[in-house]
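Participant: Just passing along the structure, written as structure tokens.
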Amino acid sequence: MDEQALLSARILVVDDGAANVALLEELLGREGFTQVLGTTQPERCLELVQAFQPDLLLLDLWMPGVDGFELLAQLSAPAPGQLPVPVIVLTADATRRTRHRALGLGARDFLTKPFDPLEVLLRVWNHLEVSLLLRRLRDLGQETELPRRPKSNEPGSFA
């Protein structure tokens, strides 16, 4: 996998704060990412995921109307043959309960507000590497089904 493949990956940013969307679009664009789409309308997220087919989703948790938790739940069951869209959660709420809930719904990672620009770029890069490698395996006919996640109410889980 080369750098150009990563920089041409599709990244969707969903946050009700226009300043956050603009900041992330600018930051990613300056780094050389060429396919970054942002919206402040969380109710459009599923439609945009289907149309844009992002390689990575940056998703705010606490939004009016449709919140990030609801969107995570809806995104956690991809169509047959599809890989789940990896999600990095954007939040100022780094409480244990919020982290557990988001991770249990399929979030892969967290970025806390206010954003550290280098951390954003490093986390995005790391997740895109994995996402693109999984897609490549799937395209080669290799098994890419991900195992079931533990539920927080199952024995042996941490509360």
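The values are calculated or read from the model by the stated rules, or taken from the named source; none is laboratory data. This one's a predicted model, so the numbers in the text were calculated from it and none came from an experiment. Here Cβ is always computed from backbone atoms with ideal geometry, including for glycine, and neighbour counts include all displayed protein chains. Accessible surface is based on the protein model in full, side chains and every heavy atom, while ligands, DNA and RNA are left aside. Shrake-Rupley method; radii C 1.70, N 1.55, O 1.52, S 1.80 Å.
Participant: State which residue is least open to solvent (accessible area, probe 1.4 Å) when the search covers only segment 31-57 and only residues that are outside any loop (DSSP other than H, G, I, E, B) and out of contact with any helix residue (DSSP H, G or I) (no Cβ under 9 Å at 6 or more places or on another chain).
Facilitator: First, the residues of segment 31-57 that are outside any loop (DSSP other than H, G, I, E, B): 31, 35-39, 42-52, 56-57.
This time we only want the ones that are out of contact with any helix residue (DSSP H, G or I) (no Cβ under 9 Å at 6 or more places or on another chain), so: 43-44, 47-48, 50-52.
Numbers: Glu43: 120, Arg44: 80, Glu47: 102, Leu48: 19, Gln50: 142, Ala51: 87, Phe52: 43 Å².
Looking at the filtered set, the residue picked out is Leu48.
Participant: Quick one: which of Leu90, Leu56, Leu132, Leu140 is modelled with pLDDT under 90, closer than 20 Å to Leu37 by Cα and of a type outside the set (Gly, Ala, Ser)? Step through it out loud before you land on a result.
Facilitator: Details: Leu90 fails: modelled with pLDDT under 90; Leu56 fails: modelled with pLDDT under 90; Leu140 fails: closer than 20 Å to Leu37 by Cα.
Testing whether each residue is modelled with pLDDT under 90, closer than 20 Å to Leu37 by Cα and of a type outside the set (Gly, Ala, Ser) leaves just Leu132.
Participant: Six or more apart or on different chains, Cβ atoms under 9 Å: show the pairs whose first residue is in segment 83-103 and within 28 Å of Ala9 (Cα to Cα) and open to solvent by 50 Å² or more (accessible area, probe 1.4 Å) and whose second is part of a helix (DSSP H, G or I) and of a type in the set (A, V, I, L, M).
Facilitator: Arg101/Leu72
Participant: Continuing with the same structure: Give the residues of segment 1-30 that are under 23 Å from Leu132 (Cα atoms), in contact (Cβ under 8 Å) with a residue 40 or more places away in the chain and either of a type in the set (Val, Ile, Thr) or assigned to a helix (DSSP H, G or I) (or both), sorted by residue number.
Facilitator: Across segment 1-30, the qualifying residues are Ala5, Leu6, Ile11, Val13, Val14, Leu24, Leu27, Leu28.
Participant: Among the residues of segment 58-79, is any closer than 19 Å to Ala9 by Cβ, touching a residue at least 24 places away in the same chain (Cβ under 8 Å), open to solvent by less than 30 Å² (accessible area, probe 1.4 Å) and assigned to a loop (DSSP other than H, G, I, E, B)? Steps first, answer last, please.
Facilitator: As a first pass, look at segment 58-79 and keep what is closer than 19 Å to Ala9 by Cβ: 58-59, 75, 78.
After this cut, where a residue has to be touching a residue at least 24 places away in the same chain (Cβ under 8 Å) as well, the list is 58-59, 75.
Next, only the ones that are open to solvent by less than 30 Å² (accessible area, probe 1.4 Å) stay: 58-59, 75.
Those still in the list that are assigned to a loop (DSSP other than H, G, I, E, B) too: none.
No: zero hits.
Participant: When segment 11-30 is examined, which residues are found to be among the charged types (D, E, K, R) and buried (at least 18 other Cβ atoms within 10 Å of the Cβ)?
Facilitator: Restricting attention to segment 11-30, the residues satisfying the condition of being among the charged types (D, E, K, R) are 15-16, 25-26, 30.
Result: Asp15, Asp16.
Participant: A further question follows. Quick check on this structure: which one of Asp55, Asp60 is farther than 14 Å from Val124 by Cβ and of a type in the set (Asp, Glu)? Before the answer, list the steps.
Facilitator: Values: Asp55 fails: farther than 14 Å from Val124 by Cβ.
Going through Asp55, Asp60 in turn, the sole match is Asp60.
Participant: With respect to Asp67, determine if the residue is modelled with pLDDT of 95 or more, touching a strand residue (DSSP E or B) at 6+ places or on another chain (Cβ under 9 Å) and among the acidic types (Asp, Glu).
Facilitator: Values: modelled with pLDDT of 95 or more: no; touching a strand residue (DSSP E or B) at 6+ places or on another chain (Cβ under 9 Å): yes; among the acidic types (Asp, Glu): yes.
Considered against the rule, which asks whether it is modelled with pLDDT of 95 or more, touching a strand residue (DSSP E or B) at 6+ places or on another chain (Cβ under 9 Å) and among the acidic types (Asp, Glu), Asp67 comes out as no.
Participant: On the basis of being exposed (fewer than 15 other Cβ atoms within 10 Å of the Cβ), assigned to a loop (DSSP other than H, G, I, E, B) and touching a residue at least 40 places away in the same chain (Cβ under 8 Å), does Pro114 make the cut?
Facilitator: On the way: exposed (fewer than 15 other Cβ atoms within 10 Å of the Cβ): yes; assigned to a loop (DSSP other than H, G, I, E, B): yes; touching a residue at least 40 places away in the same chain (Cβ under 8 Å): no.
Considered against the rule, which asks whether it is exposed (fewer than 15 other Cβ atoms within 10 Å of the Cβ), assigned to a loop (DSSP other than H, G, I, E, B) and touching a residue at least 40 places away in the same chain (Cβ under 8 Å), Pro114 comes out as no.
Participant: Got a number for residues in segment 37-53 being touching a Lys or Arg at 6+ places or on another chain (Cβ under 9 Å) and either at pLDDT below 95 or β-branched (Val, Ile, Thr) (or both)? Give the steps one after another, and end with the answer.
Facilitator: Residues of segment 37-53 that are touching a Lys or Arg at 6+ places or on another chain (Cβ under 9 Å), as a first pass: 37, 52-53.
Keeping just the survivors that are either at pLDDT below 95 or β-branched (Val, Ile, Thr) (or both) gives 53.
Total meeting the criteria: 1.
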